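K.L.:
First the structure, which I've put down as C-alpha cells, then a few questions once you've had a look.
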Amino acid sequence: MRKLTSLLLLFSLAFSSIAFAQSTPDPKIKRVEENLLPAVLIKGDPAWSIAERMKFYKVPGLSVAVIKDFHLEWAKGYGVKDLETNEPVTTDTMFQAGSISKSVNAMIAMKKVEQGKLSLDENINDKLTSWKLPDNEFTAKKKVTLKNLLSHTAGTTVHGFPGYAVDQKLPTLPQVLDGQKPANTAAVRVDFEPGSKYRYSGGGTTIAQLTLMDVEKRAYPDIARETVLDPLNMTNSTYSQPLPTDWREKAATGYKSNGREVEGKIHVYPEMAAAGLWTTPTDLAKFAVEMQLSLAGRSNKILSKSTVATMTTPVLDEAALGFFIDKRTGTTYFGHDGADEGFRAQMLLNKDKGYGAIAMVNSDNGQILNEVIRGIAKEYQWDDYLPAPYEITSVDAEKLAKYVGRFQVNADRVLTITSVAGSSKLNAQPTGETSFELLPISDTTFIRRDATLKYTFVPAETGESAALQIIARNGSAEAKRISSDTLIPFEMLMSGKTVDAIAAYRKIKQDRTTSIVVEEDRINNLGYGLMRQKKLEEAIALLKLNVEFYPTSWNVYDSLAEMYMTNGDKDLAIANYKKSLELNPGNTNGVEMLKKLEARPSQPD
C-alpha cells in the first residue's frame, strides 16, 4: 500500500511541477494543448487540455509530433517517462511503438522486393529456410505470399503478442511460430484460404520477419537499421530486443491502465517486426515524411514512388501493406496504431498533402491519442477529418414513449431503451454493460457522446417503433424489438437458467463458429462479470464452456482456475493452473497462484 501511495504522489507531482514547464512560443501549439476533442462533437460541449486528459487517464508521459507541408512542424514531450525518477519526457524519449512496427517493417520488406531478394507474390515457403509454414487444406490451392503477410490476408492465426517480462526466457522465432515453450502464444497456422479475406495477424508479420532474416542471413535489428533506420536518420529508434543497456536510459517505463508500473518496467518482444520497435514520434515523422514525399515523387531515399503507392493501396477492405487506409469524402489518410504492454501509439498521415501527426504514451490508456490528433486536425484544418458538430434537439414525451423497449442487437446482446423522466433524452442499457445516454438530433435519430454511432428508430404502422437501426461509419445493423419474456443466453444465466444458457451458447457456436458472441475473450469477460456479481456457479459453468470451445488456449484454463480458487475448489483450481502452465510456461500469474495453492493446507471434509 505504501508503494502505491508513493507512486500516486509522484504522479501528482509530475503534473504540478514539470509536465508543462516547457515554453510554447507558438500559439498553434498552445491551442492544440487546450483543444483536445472527443470522437463525437456536440455544439456547446467544451474541449479539454492535454494536462486534464493526462491526469484523467493516468497517463504519465506523452510525446507528439506534427507534420505539415512534408516536414516536421513541431514536436514536444509532456509529463514524465518514469514516475519514480520523475524524469521529464523529451522529444528524444523512446516509446514502444507496438504495431506501428509493422509499418516500418513493410518498408524494409518492400526494399528487399525492389532489390529482387523477395517477391510479393511467390510462395513464402520458397524463401524460408530455418522454418516452414505447414501446408494444409487451406493452402492446397493458394500459397501464402509476402503480400498476404503484410496485408493480413494470409489466413494466419495469432492476432498479437503479450511480450515477455524482462527476466523471462525468450523463445526463438521458430518456437514462437510453432507455439513451443517458452513461447506464450499459440502456433501460427493458416485456417482459411490465403487472399480470401482480411484478418489481423501479428503471427503473419512474424513469418515476414523470419523470411527477411533467412534471406539476409542476419539479425533483424541489423537489417532494419541498415535498410531504413540509418538512411532516414532515425537515431532514436531500434528493433533490438531486449533493449540494450546503453539505450535503456532514453526509454520510458510502461504503465498499466490503473497507473501501476509494468512488471520489470517494460516487456520484451522477440516478435520484433510485429511489435518490437522502440522509437519517438520525431523519428516516426521522418519515416512518415519519406513515405509522403515518395508518394509525391519528391524523394526515393528508400523506395520508388510506385512501390510506396503499392504499399498504400488497399489489398482487401482497408488493409494495405503495413498500413490501414482511411478514405474520406475527398481525402485519403493512411496510418497505423500500436499497443504494447504499458504503451500505446497512433500515426495518421494524409496521402496527398504532406501533413499528419504521431502521438505516443507510456500507458495502456491510449484514448488520449485520438483526442490529441483530433485537436491537431482542428488547428491545422485537416481535410474531411472532423465531422460537423451535432446540435441537440428535443423530442416530446409521447414520441419518446414509442421508443422504450428491448431491441436485440445480436444473439446475445439486447439494448434496453428507457426514457429519462422530465427530459427529451433516452438511456440505453446494453446487456451486461454500463448504460449510456442517447441524445436526440431529430425526432427519430439519436447519438451518444462516447462512440460515433447513430441510433434511428424505425417506425411501425401503429404504436411502438418496430426496430432500431444502428448506424456506424462502415455499415449498419437493424435490431428488432423483442418482448420482455424473450431471453438471450446471458439473461438466462442471470436468471438462474444455467443449463438452458449453456445449451444456447453451444447452439450459437455450432451454427456460427466465428460469431462474436462465442469469442474466447467475450466469454471470458462475461465470466468475470458474473464473478464480480458473486454468481460463481454461473461463472464456472460459462468458463468451463470456454475451455470446451478453446481447449488449446492457456488463458481459459487460467481463468477457470481462478473461479475455482475463488469458490474454494482447491484441487480443481490446481488442476487448471497446471493445464494453463503446460500450454504457457510463461504464465507468471499461474506460477504464483499455483505456489500459493500448493502451500495452502487442504480443508477437512
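K.L.:
For Tyr198, what charge total do you get from the other residues with a beta carbon under 10 Å from its beta carbon, if Lys and Arg give +1 and Asp and Glu give -1? Kindly include the intermediate steps, with their values, before the conclusion.
P.N.:
On the way: positive: Lys197, Arg199; negative: Asp317, Glu318.
Overall, the nearby charge balance is 0.
K.L.:
Is any helix in the chain, taking whole DSSP H runs, at least 15 angstrom long along its axis by alpha carbon and on average at least 0.5 on the Kyte-Doolittle scale, and which ones? Kindly include the intermediate steps, with their values, before the conclusion.
P.N.:
Details: long enough: 2-13 (16 Å, 1.24); 100-114 (22 Å, 0.30); 202-216 (21 Å, 0.41); 281-295 (21 Å, 0.43); 367-379 (19 Å, 0.04); 498-511 (20 Å, -0.44); 520-532 (18 Å, -0.85); 536-549 (19 Å, 0.89); 554-566 (18 Å, -0.15); 570-583 (20 Å, -0.34); 588-599 (17 Å, -0.33).
Helices meeting the span and hydropathy rule in the chain are 2-13, 536-549.
K.L.:
Per residue of the range 471-487, in order, report the coupling 6.51 cos²θ - 1.76 cosθ + 1.60 (Karplus, θ = phi - 60°) as ³J(HN,Hα) in whole Hz, putting x for Gly and Pro.
P.N.:
Each residue of the range 471-487 in turn: 10, 10, 5, 9, x, 9, 9, 10, 9, 7, 5, 10, 7, 5, 9, 8, 9 Hz.
K.L.:
Sorting check: for 74-84, 434-444, which peptide has the highest mean count of neighbouring beta carbons within 10 Å, and how do the rest follow?
P.N.:
Numbers: 74-84: 22.1, 434-444: 15.7.
So the peptides 74-84, 434-444, ranked by packing, come out 74-84, 434-444.
K.L.:
On a C-alpha basis, how far is the centre of the range 91-111 from the centre of the range 561-577 in Å? Whole number, if you could?
P.N.:
42 Å
K.L.:
Another one. Express the relative contact order of the range 183-326 as a whole percentage, based on alpha carbon pairs under 8 Å and six or more residues apart in sequence.
P.N.:
Values: 134 pairs, mean separation 29.7, N = 144.
Relative contact order for the range 183-326 comes out at 21 percent.
K.L.:
Would you mind pulling out the separation of the Cα centroids of the range 213-289 and the range 359-423, in Å?
P.N.:
Value for the Cα centre distance between the two parts: 35 Å.
K.L.:
Kindly identify the range 169-284 as rounded, prolate or oblate by the Cα gyration tensor criterion: order the square roots of the eigenvalues as a ≥ b ≥ c, call it rounded if a/c is under 1.5, otherwise compare a/b with b/c, prolate if a/b is larger, else oblate.
P.N.:
Verdict is oblate for the range 169-284.
K.L.:
Express the carbon and sulfur contribution to the solvent-accessible surface of the chain as a percent, rounded to the nearest whole number, probe 1.4 angstrom.
P.N.:
On the way: 13270 of 26610 Å².
Taking all protein chains in place, the chain shows 50 percent carbon and sulfur surface.
K.L.:
Separate question: Which value, in debye to the nearest 20, describes the size of the charge dipole of the range 389-518 about its Cα centre when Lys and Arg Cβ atoms bear +1, Asp and Glu Cβ atoms bear -1, and nothing else is charged? Intermediate values should be presented prior to the final figure.
P.N.:
Details: 16 positive and 15 negative charges, 91 e Å.
Dipole magnitude for the range 389-518 comes out near 440 debye.
K.L.:
Where does the charge balance sit around Ser130 when Lys and Arg score +1, Asp and Glu -1, over other residues with C-beta under 13 Å from its C-beta? Show your work: numbers first, answer last.
P.N.:
Numbers: positive: Lys127, Lys132, Lys217, Arg218; negative: Asp178, Asp214, Glu216.
That works out to +1.
K.L.:
Once every DSSP H run of n ≥ 4 in the chain is given -39500 (n - 2.57) and the sum is divided by its residues, what mean residue ellipticity at 222 nm do you get, rounded to the nearest 500 deg cm²/dmol? If you can, show how the numbers build up before the last one.
P.N.:
On the way: 21 runs with 208 residues, N = 605.
About -10000 deg cm²/dmol.
K.L.:
Toward the positive end of the charge dipole of the range 460-605, about the Cα centre and with charges on Cβ (Lys, Arg +1; Asp, Glu -1), which of Gly475, Ile488, Asn584 goes farthest?
P.N.:
Of the candidates, Asn584 comes out farthest on the positive side.
K.L.:
While we're looking at this one, here's another question. What are the GluC sites (Glu not before Pro) within the range 344-407 that DSSP puts in a loop, where the Cβ has at most 14 other Cβ atoms within 10 Å?
P.N.:
Working: sites: Glu371, Glu379, Glu391, Glu398; in loops: Glu391.
Within the range 344-407, the qualifying GluC sites (Glu not before Pro) (loop, at most 14 other Cβ atoms within 10 Å) are Glu391.
K.L.:
Given +1 on the Cβ of Lys and Arg, -1 on the Cβ of Asp and Glu, and no further charges, what dipole in debye does the chain carry about its Cα centre, rounded to the nearest 20? Could you put the intermediate results ahead of the total?
P.N.:
On the way: 73 positive and 74 negative charges, 65 e Å.
In debye, rounded to 20, the chain gives about 320.
K.L.:
On to the next question. Which order do peptides 475-484, 295-304 fall in by mean Cβ count within 10 Å, highest first? Walk me through the numbers on the way to the answer.
P.N.:
Values: 475-484: 12.5, 295-304: 15.9.
Packing order, densest peptide first, comes out as 295-304, 475-484.
K.L.:
Which three numbers, in whole Å and largest first, are the semi-axes of the equivalent ellipsoid of the chain derived from its Cα gyration tensor as √(5λ)? Before the final figure, lay out each step's value.
P.N.:
Values: eigenvalues 283, 220, 148 Å².
Those come to 38, 33, 27 Å.
K.L.:
Return the FRET efficiency for the residue pair Glu391, Ala599: r is the Cβ-Cβ distance, R0 is 60 Å, and the value is rounded to the nearest 0.05.
P.N.:
0.45
K.L.:
Which value does Rg/Rh take for the range 463-605 over its C-alpha atoms, Rh per Kirkwood?
P.N.:
On the way: Rg = 18.4 Å, Rh = 17.0 Å.
Here the Rg-to-Rh quotient is 1.08.
K.L.:
Taking +1 at the Cβ of each Lys and Arg and -1 at the Cβ of each Asp and Glu, which of Ser201, Ala320, Tyr564 sits farthest along the dipole of the chain towards its positive end, judged by Cα position relative to the Cα centre?
P.N.:
Farthest towards the positive pole: Ala320.
K.L.:
With contacts defined as alpha carbon pairs under 8 Å and 6 or more residues apart, what's the relative contact order of the range 16-127 in percent? Each step should come with its number before you reach the end.
P.N.:
On the way: 95 pairs, mean separation 17.6, N = 112.
Normalised by residue count, the contact order of the range 16-127 is 16 percent.
K.L.:
All other residues with a Cβ under 15 Å from the Cβ of Pro46 taken together, and with Lys, Arg as +1 and Asp, Glu as -1, what is their net charge? Walk me through the numbers before you get to the answer.
P.N.:
Numbers: positive: Arg31, Lys43, Arg53, Arg374, Lys378, Arg449; negative: Glu33, Glu34, Asp45, Glu52, Glu371.
Around Pro46, the charge tally is +1.
K.L.:
Just the number please: accessible area per residue for the range 278-428, 1.4 Å probe, all protein chains included, in Å². Kindly include the intermediate steps, with their values, before the conclusion.
P.N.:
Details: 5640 Å² over 151 residues.
Result: 37 Å² per residue.
K.L.:
Pairs of Cα atoms under 8 Å, at least six residues apart: use those to get the relative contact order of the chain, whole percent. Provide the component values of the computation, followed by the final result.
P.N.:
Numbers: 1210 pairs, mean separation 84.9, N = 605.
It rounds to 14 percent for the chain.
K.L.:
Projecting each Cα onto the charge dipole of the chain (Lys/Arg +1, Asp/Glu -1 at the beta carbon, about the Cα centre), which of Thr393, Tyr333, Leu545 comes out farthest on the positive side?
P.N.:
Comparing the listed Cα positions along the dipole, Tyr333 ranks first.
The values are calculated or read from the model by the stated rules, or taken from the named source; none is laboratory data. Owing to the predicted nature of the structure, the values given are computational and were not obtained by experimental measurement. For neighbour counting, all protein chains shown are included, and Cβ atoms are generated from backbone atoms with ideal geometry for every residue, glycine included. When the accessible area is computed, the model is the full protein with side chains, heavy atoms only, and any ligands, DNA or RNA have been set aside. Shrake-Rupley method; radii C 1.70, N 1.55, O 1.52, S 1.80 Å.
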